[in-house]
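Okay, structure first, notes after.
The values are calculated or read from the model by the stated rules, or taken from the named source; none is laboratory data. Remember, predicted model here, so these are calculated numbers, not experimental data. Here Cβ is always computed from backbone atoms with ideal geometry, including for glycine, and neighbour counts include all displayed protein chains.
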Ligand code: SAH
Ligand code: SF4
């Protein structure tokens, strides 16, 4: 098989559509200031106005300028003429027997992406998408079979979080005592797409989620998962500062080339070097190595021992993901006994090795099962098998 080109040349629609009002969601504070000034807000007032509007949008979840009572009526009317506060539109919502929620949301251009909320005892995690589809073609991943791709704007990324807070009904009410218990307490960039191939938009959106006067999630509660876009890993540390997860999935380049084809561009050695340089935080800030358990492909004792060797010198934990099957995929989930044996080897070497419980399987919300139903171009089973090197 000829190597499929690995590309990040995907389209991001411009923030400012020439026609119609401008969406204020997703703008950084600096951009918001510029936009307000360009539309007539006096420069002297701009800083204060940014602060006020920002709080209404991100702290209180307000979508209507008329509710912004600390702004004059005339100014509110001016804002309403020029701007909108818009988040992706919910097309459908499914709730799993285990409480997991999955939304299909529509974004500009008629594209659709999926967003998943996973409630647990001590936290609630929102799994956010960063692209429509994915340009990468990991052979075990459903999203990777979707050809139609575009980058999400920062508005569409932070908008998923705002949409979820709408649906969970957890925007605070101004003046009410601060509620420390949050349904939506964590974000993982583990939905559709490779977040590091949409760096700026992901960064701006996550900065908004971390902002003290807005959604207020700590950087420790945000985890970005990458398949291994090595040059962007250092930037992630410097410009976002969130937790990092890596889709590792194999212990030799030969196998990883087949499972995670970006390995042909940046191999295991290059990836580990970048991870070693990722700033060491406290023990709680270890890098998560995601490892999907594929029967007979990457799940032997020898793999586990090799993995332990590769982890040397990296503050790491290993998250074992039982493979979630989808129609046409040429892989099977490893048996529970195999997964446990693999986990034990890693655990005995001193690394946490939790086995991820699949959530929301009944609504196809589990890892790697996301894919837009409206997607037009589907790869054939033959293509999938060929790319997995099994054809
Ligand atoms: N594109 C990013 C983030 C999204 S995927 C990345 O690849 O890291 C989130 C995790 O689910 C990744 O580790 C991915 O490899 C894994 N995954 C993909 N398909 C899966 C499947 N069918 N079963 C289990 N995990 C899967
Ligand atoms: Fe893309 Fe991640 Fe799926 Fe690979 S695993 S195809 S990088 S979404």
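When region 226-246 is examined, which residues are found to be out of contact with any helix residue (DSSP H, G or I) (no Cβ under 6 Å at 6 or more places or on another chain) and within 16 Å of ligand 2 (Cβ to nearest atom)? So that I can check it myself, show each step before the final result.
Within region 226-246, the first condition is being out of contact with any helix residue (DSSP H, G or I) (no Cβ under 6 Å at 6 or more places or on another chain), and the residues that meet it are 231, 234-238, 243-246.
Within region 226-246, 231, 236, 244, 245, 246 qualify.
Scanning region 320-336 for residues that are at pLDDT 95 or above and surrounded by fewer than 18 Cβ atoms within 10 Å (Cβ to Cβ) yields 332, 335, 336. Could you tell me whether any residue of region 149-158 is within 18 Å of residue 226 (Cβ to Cβ) and in a loop (DSSP other than H, G, I, E, B)? Yes, that holds for at least one residue.
Each row is one residue, and each column tells you yes or no for (1) crowded, with 16+ Cβ neighbours inside 10 Å; (2) assigned to a loop (DSSP other than H, G, I, E, B); (3) at negative phi.
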site	(1), (2), (3)
20	no, yes, no
66	no, no, yes
99	no, yes, no
106	yes, no, yes
116	yes, no, yes
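Among the conditions (1) without any contact (Cβ under 8 Å) to a residue 60 or more places away in the chain; (2) at positive phi, residue 72 misses just one, which is (2). Quick check: anything in region 362-371 part of a loop (DSSP other than H, G, I, E, B), at pLDDT below 95 and loosely packed, with under 14 Cβ neighbours inside 10 Å? Within region 362-371, not a single residue is part of a loop (DSSP other than H, G, I, E, B), at pLDDT below 95 and loosely packed, with under 14 Cβ neighbours inside 10 Å.
Have a look at 115, 128 and point out the one that is within 26 Å of residue 20 (Cβ to Cβ), within 12 Å of ligand 1 (Cβ to nearest atom) and touching a residue at least 60 places away in the same chain (Cβ under 8 Å). Before the answer, list the steps.
Working: 115 fails: within 12 Å of ligand 1 (Cβ to nearest atom).
The match here is 128.
State which residue is surrounded by the most Cβ atoms within 10 Å (Cβ to Cβ) when the search covers only region 118-139 and only residues that are touching a helix residue (DSSP H, G or I) at 6+ places or on another chain (Cβ under 6 Å) and assigned to a loop (DSSP other than H, G, I, E, B). Spell out how you get there, then give the answer.
Keep residues of region 118-139 that are touching a helix residue (DSSP H, G or I) at 6+ places or on another chain (Cβ under 6 Å), which gives 126, 128, 130, 134, 136-139.
With assigned to a loop (DSSP other than H, G, I, E, B) added as a condition, the list becomes 128, 130, 134, 136-139.
Details: 128: 31, 130: 27, 134: 25, 136: 24, 137: 21, 138: 24, 139: 22.
Among those residues, the one meeting the criterion is 128.
When the criteria are applied in full, residue 122 meets the requirement of being assigned by TED's automatic domain parsing to the domain that holds residue 233, without any contact (Cβ under 8 Å) to a residue 24 or more places away in the chain and more than 22 Å from residue 24 (Cα to Cα).
Residues being surrounded by 15 or more Cβ atoms within 10 Å (Cβ to Cβ) and either at pLDDT below 95 or not in a loop (DSSP other than H, G, I, E, B) (or both): count how many of those fall in region 35-50. Residues in region 35-50 being surrounded by 15 or more Cβ atoms within 10 Å (Cβ to Cβ) and either at pLDDT below 95 or not in a loop (DSSP other than H, G, I, E, B) (or both): 6 in total. Considering only residues that are away from ligand 2 (no atom under 16 Å from the Cβ) and modelled with pLDDT of 95 or more, which ones fall in region 120-135? Matches in region 120-135: 124, 125, 126. Only one of the numbered conditions (1) at pLDDT below 90; (2) not in a helix (DSSP H, G or I) is not met by residue 314, and that is (1).
Among the numbered conditions (1) within 13 Å of ligand 1 (Cβ to nearest atom); (2) closer than 18 Å to residue 356 by Cα; (3) at pLDDT 95 or above, tell me where residue 141 comes up short. Exception for residue 141: condition (3). Do you know which of the residues in region 87-97 that are surrounded by 16 or more Cβ atoms within 10 Å (Cβ to Cβ) and outside any strand (DSSP E or B) is farthest from ligand 2 (Cβ to nearest atom)? So the residue we want is 87.
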